[in-house]
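Step one of this worksheet: look at the structure below.
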Amino acid sequence: MTRWTHVIGTGGYLPETIRTNHDISAMVDTSDSWIYERTGIKSRRIASAEETASSMAEIAARQAIEMAGIDAQDIDMIIVATGTPDLVYPSTACLLQQRLKIEHCVGFDVQAACSGSIFGLSIADQYIKTGFAKTVLVVGSEICSRIVDWTDRGTCILFGDGAGAVLLTASDQPGILATHIQSDGGYDDLLYCPNPQAAATDKPSEAGYIKMRGNEVFKVAVNTLGRIVDETLEANGLEQSDIDWLVPHQANTRIIAATAKKLGMSMEQVILTLENQGNTSSASVLLAFNEGVRDGRIQRGQTVLMEAFGAGFTWGSALIRY
Ligand code: UT7
């Protein structure tokens, strides 16, 4: 009998504070209309001073556990994707394990920038399929607002905070059909965030803020995502019409629309969250998946294509029979 990685729960958390384009227009030289037309974003959430990646991950994880109807002790692996960990170490996954009071499990973080959740899903799938793990919690949790330069209009308009979670378990029912992940370290100058603690680095900066050459990133993202969705369909012997939902990383509506067009999908088949969330980096795909599942658009038995692209560059896709 095939051992599948089956989705049994999803969760999501967004901080309470809303920062609108109008609020940002009072901080830098921009406008609501420019931001909305170029990105599709109207507002984003900002974490409070007390919140951390692990505190937000805990709320999203508890929702996923509740939906799955399992005991948290049944989780034997926690993977947290984040570029904004609470601490350098322990990992955010270990802090989450402590918050969830799970006694026997292994937890570790994945750093793949905006592609982090897809990398997490891929890792979870390998461990479940080999039998090493049975039930795996994957969370993407980010406080991007703390690494954004709020005087840089090229980046501060884009990012937001939030956490998304998915709970996976070994099953004879289909789930993850395939994942494809890749990276190319040759583009580090286009999108990076310096480590403010590193004295010796070839990318020195007085502050650990996101640096991005947005237009160049945009072009590589559109081309790469177009290629990865084609490759994913071909590698799995699927036609465009076999995909019910596209759940993309939420970076820019224009990038998402280009990918949907490549797949011959209408925007009605795309789960879009960025209008009121912005780009939540590694959290965005799982936040969108959670929204689509909870509002009933994504139904059991349907085929979902997730994709993401981020710093590294990293990119990937996950094909899931929900
Ligand atoms: O999630 C990880 C991966 N990240 C991404 O995928 C982000 C990809 N990049 C983008 O989403 C877009 O490149 C941005 C939204 C960041 C920028 O949009 P763009 O259409 O690429 O604009 P641009 O950088 O080419 O700038 C066009 C013009 C420039 O003015 P001039 O030189 O034409 O006079 C900019 O100075 O728009 C100006 N500009 C702005 N104007 C008002 C740049 N940022 C702003 C702004 N408000 N916030």
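The values are calculated or read from the model by the stated rules, or taken from the named source; none is laboratory data. Since we're looking at a predicted model, the values are computed, not measured. Every residue, glycine among them, receives a Cβ derived from its backbone with ideal geometry; neighbour counts consider all protein chains shown. These area figures cover heavy atoms from the full protein model, side chains too; ligands, DNA and RNA do not enter into them. Shrake-Rupley method; radii C 1.70, N 1.55, O 1.52, S 1.80 Å.
Counting protein heavy atoms only, the chain has 49 percent of its accessible area on carbon and sulfur, 1.4 angstrom probe.
Largest mean-square fluctuation among Thr259, Thr130, Thr84, in a Gaussian network model of the chain whose springs join Cα atoms under 10 Å apart, belongs to Thr130. Distances between placed amide hydrogens fall under 5 Å for Val106 paired with Met77, Ile78, all partners being 5 or more residues away or on another chain. Pairs of Lys residues in the chain, spaced 8 or more positions apart or belonging to different chains, with C-alpha separations under 19 angstrom: 5 in total.
Rounded to the nearest Hz, the phi-derived 3J(HN,Hα) couplings of the range 256-263 under the Karplus curve 6.51 cos²θ - 1.76 cosθ + 1.60 (θ = phi - 60°) are 5, 4, 5, 5, 4, 4, 4, 8, where x marks glycine and proline. Sequentially through the range 92-108, phi angles give Karplus couplings (6.51, -1.76, 1.60; θ = phi - 60°) of 4, 5, 5, 5, 5, 4, 5, 4, 8, 6, 8, 7, 10, 5, 10, x, 7 Hz, Gly and Pro residues having no value and appearing as x. For the pair Met1 and Lys101, label points projected 7 Å from Cα toward Cβ lie 3.3 nm apart.
Note that the range 4-173 presents 41 Å² accessible area per residue, ligands and nucleic acids not counted, probe 1.4 Å. Estimated from helices alone, the mean residue ellipticity of the chain at 222 nm is -9500 deg cm²/dmol (sum of -39500 (n - 2.57) over DSSP H runs with n ≥ 4, per residue). The Ser33 and Gln269 beta-carbon pair, evaluated with R₀ = 35 Å, returns a calculated FRET efficiency of approximately 0.80. At a Förster radius of 45 Å, what calculated FRET efficiency corresponds to the Cβ-Cβ distance of Leu238 and Gln197, to the nearest 0.05? The computed FRET efficiency comes out at 0.50. Taking the chain as a Gaussian network of alpha-carbon nodes connected by springs under 10 Å, the highest mean-square fluctuation of the residues Gly214, Gly40, Gly226 belongs to Gly214.
Taking every protein chain into account, the accessible area of the range 177-321 amounts to 43 square angstrom per residue (probe 1.4 Å). Derived scalar couplings between HN and Hα for the range 10-25 equal 9, x, x, 9, 10, x, 6, 6, 9, 10, 8, 4, 5, 4, 5, 4 Hz in order, rounded to whole Hz, by the Karplus curve 6.51 cos²θ - 1.76 cosθ + 1.60 (θ = phi - 60°), x for Gly and Pro. Round to the nearest 0.05 the FRET efficiency obtained for Asp152 and Asp188 when R0 = 30 Å and r is the Cβ-Cβ distance. With R0 = 30 Å, the Cβ-Cβ based efficiency is 0.95.
Given a 10 angstrom Cα cut-off, can you work out which residue in Ile118, Ile70, Ile298 is the most mobile in a GNM of the chain? Sorting by GNM fluctuation, first place goes to Ile70.
A viscosity of 1.002 mPa s and a temperature of 20 °C, combined with the Kirkwood radius over Cα pairs in Stokes-Einstein, give a translational diffusion coefficient for the chain of 110 µm²/s.
Placing +1 on each Lys and Arg Cβ and -1 on each Asp and Glu Cβ, with no other charges, gives the chain a dipole about its Cα centre of roughly 280 debye. Backbone amide hydrogens, once placed in the peptide plane, bring Phe313 within less than 5 Å of Asp184, Gly186, Tyr187, excluding anything fewer than 5 places away on its chain.
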